[in-house]
1. Based on other C-beta atoms within 10 Å, arrange Trp742, Trp220 from fewest to most.
2. Under a point-charge model restricted to the Cβ atoms of Lys and Arg (+1) and Asp and Glu (-1), what is the dipole moment magnitude of the chain relative to its Cα centre, in debye to the nearest 20?
3. DSSP beta bridges in the chain, what fraction antiparallel, as a percent rounded to 5?
4. What lysines sit close enough to Lys759 to cross-link, taking a C-alpha to C-alpha distance under 30 Å and skipping anything fewer than 8 places away on the same chain?
5. Using +1 at the C-beta of Lys and Arg and -1 at the C-beta of Asp and Glu, which of Tyr357, Leu402, Thr415 has the Cα lying farthest in the positive direction of the dipole of the range 351-430?
6. Could you order the peptides 743-750, 25-32, 472-479 from most to least packed, using the average number of other C-beta atoms within 10 Å per residue?
7. Put a dot 7 Å past each Cα toward the Cβ at Thr415 and Glu751; how far apart are the dots in nm?
8. Expected output is a single nm value to one decimal: the length gained when fully extending between Asp34 and Ala21, i.e. 0.36 nm times separation in residues minus the C-alpha distance. What is it?
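Here, each number is a calculation from the coordinates, and none is a lab measurement. Keep in mind the model is a prediction, meaning the values are calculated, not measured. Glycine gets a Cβ as well: all are built from the backbone with ideal geometry, and neighbour counts include every protein chain shown.
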Amino acid sequence: MNPEKGTRTTIIGQDVVRPDALAKATGRAVFAGDVRRPGMLRARCLRSPYPHARILRIDTGKALALPGVKAVLTGEDLDPRLVGFKLKDQPLLARDVIRHAGERVAVVAAEDPSILENALRLIEVEYEELRAVFDPVEAMSPGAPLVHESLAGYKGLPETGGIPNVCALTRAGKGEVERGMAEADAVFEDVFELQAVHQGYMEPHSSLVEVGPDGTVRVWSSHKAPFVLRSHLAGNLGIPPEKIVVHNPYVGGDFGGKGFLMDEPLCYYLSLATGRPVRMDMSRDEEFIAGTKRHPGQVRIKTGVMRDGTIVARDVAIVFNSGAYASAKPNVTVVGYKSACGVYRIPHTRVEARCVYTHTSPGGHVRAPGDPQVFFAVEHHMDKIAARIGLDPVEFRRRNLLREGDEGPVKEHWTGIVAEQTMDAAVKAAPAMISALAAPAVSAASLAGPGPRPGSSQPGSPESATGTHRSRGAGIACSQRKVGGGESEAMVTLDRTGRALLYTGASESGPGCHGVLRQIVAAELGLAADEVDVVVVGAGQEPALYDKGTGASRVTHVSGEAARRAAAQARERLLERAGGTAGSSGSIVSVAEAVLAEGETVDGRCRYEAGETPYTCFTSQVAEVEVDLETGQVKLTALTSTNDVGVVLNPSAAEGQITGGASMGAGYALFEEIVETDGLTRNPSFLDYRMPTAADLPSFKTLFVEGAPGPGPFGAKGIGELGVSPTAPAIANAVAKATGCWFDSLPITPEKVWRALRKR
């Protein structure tokens, strides 16, 4: 080996430049929308203007007669099968019934994009508008319109409890909740309402499919999991998997929104019909009205507390609005429901979560699915209880935080519980902000009675006014996220120049995973990072590798461990050769010398699979806000985040992930909301959908706690979803301190603050 080129101890924990940096900065990086194929046609969908309607007639004759139009397909032209991740509930094109505004009714392929708009206008559709339901609680009531009348016959349907429009009913918990509530000195209950938000990726969905003369299907797509896409195309469309090749281009942002079937099947059928490659790019408006979104919904929490602040029982009922379809969710339900008891030691718990169909655009995955909704409710509820019983919110949390060896609040078995260490690190890192938290929000509070109700409760007078019309406040929140599992395969080849090639199927959707994988391989081989090249492999390409996809806080753990083990295998084979090369002198030889000694390359290959892992990452955030008491404007002035990520492999990459997540959390707290009225999206563009910019955000202070190594390479855990969940409740708690008003729905807009202040 060559010690001067770096070793495990020197390259791990160092900032290393991403391998895609130059290509992306210079515009040479290839995304799905950049791919052109000879004879390629362009496609576009006709979408329903109604949220619920019956299709009485479709006439495509005029559109087909338009010069340049090569194909027009409706639901009657396609296989009637329903598609989906697990629950098969969505048609590729609506056949008889429309279930949400923006649903695909027909699709056109033409020579030129300019022809498509005219062709779509020429398609005649006669609808019968039907009664619709938009609220998930109302949708469960007797007499509500059924979104799916044939739900019981769908493949992959989980337990529903027999409740109208429920597509998934899930439960978790332990102990005896009724007993715990009866033993508690006081019981507090709050209800929280959560909004729908978009993932906010910059690259719209793009799909290109080319069916060859021999039946081979080649796909280029903005999909973060090419191998999953291949299996879905095969399973949902009946194509032999060996006939499908899914390429692996860069993905221009994902955040959970690009891991399911979108327009690839329609491009496939259009390519079959025309004999030519077909590409479809969604517009920004289409992304908002027909893509997926973070589930809106309602969280009802009831907590039993003893006089000393010990939590003894918690009962949580969650209703997630699934929208018209559940096809985009691998588990049908929203997995974040398991976080409804937070990071606290509670002997008696019960959580019940329902995913409910409505006539709105479908819900899907967004960074840390379900967690931001649930942790907002949990952590804002914690502050409200602390105010009611006269405890400092930090101390109240400390008395109840999980510690190593504790069973999780819904009977999970977690390894490496550093919740208290992470919170203490946040408190220590933000002393000025924490001083605003130290005093109880009220001088004392009676444990008799439920306390203030949502929307009208008052935590106290505005804290530390900074001027006549401005007030500052600080808030804290804690959360956790499990380290993701899955499967990945990697191959590492050492060549005669002493360089290493890492072959991986992991998609690069923006987080810099290829850079971390390269760093892992370099550390294992004792090379510098720039001596490792990353070769990205698609599904159905050689060498035949597999990767479950980028997401679920899994890449560093799963893809990274596959890469590390492949590199270790290559290293061991190299050392065997080096022993013969060095001879009796025992002199050190370089990688190149060891490979040249045998005159061929040295390879290592590993398939790594991790199931449900017990490893959990913890994070705590302290937010400071300044509120204009005249206008209601809230400004986030500081945010400190402490994060348990195991061993930090690349500090700048890790900080970027946490900062990015916290930025999304700030948007969730203060700005973002997909506004839907009567089933129609009213703000389907980045002009009307308000996301935070650099001007809205402070310089974040990001710290790492390395107290509990994880299952990943060199002790790493996960990081991609960690930073987003505690931000909204930390901000909401800070706004409550600054204004004396609680906010049990998001976003906390100036209008909401202004109205709450005047009501108070």
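1. On the way: Trp742 23, Trp220 29.
So the ranking, lowest neighbour count to highest, is Trp742, Trp220.
2. Details: 82 positive and 90 negative charges, 115 e Å.
With only Lys, Arg, Asp and Glu charged at Cβ, the dipole is about 560 debye.
3. Details: 100 of 130 bridges.
Counting only bridges with both partners in the chain, antiparallel ones make up about 75 percent.
4. Result set, ordered by chain and number: Lys302, Lys384, Lys635, Lys737.
5. Farthest along the dipole direction, towards plus: Tyr357.
6. Values: 743-750: 20.9, 25-32: 12.6, 472-479: 27.9.
Taking the mean over residues of other Cβ atoms within 10 Å, the ranking is 472-479, 743-750, 25-32.
7. 5.0 nm
8. Working: separation 13, 0.36 × 13 = 4.68 nm, distance 1.77 nm.
Separation in residues times 0.36 nm, less the Cα-Cα distance, equals 2.9 nm.
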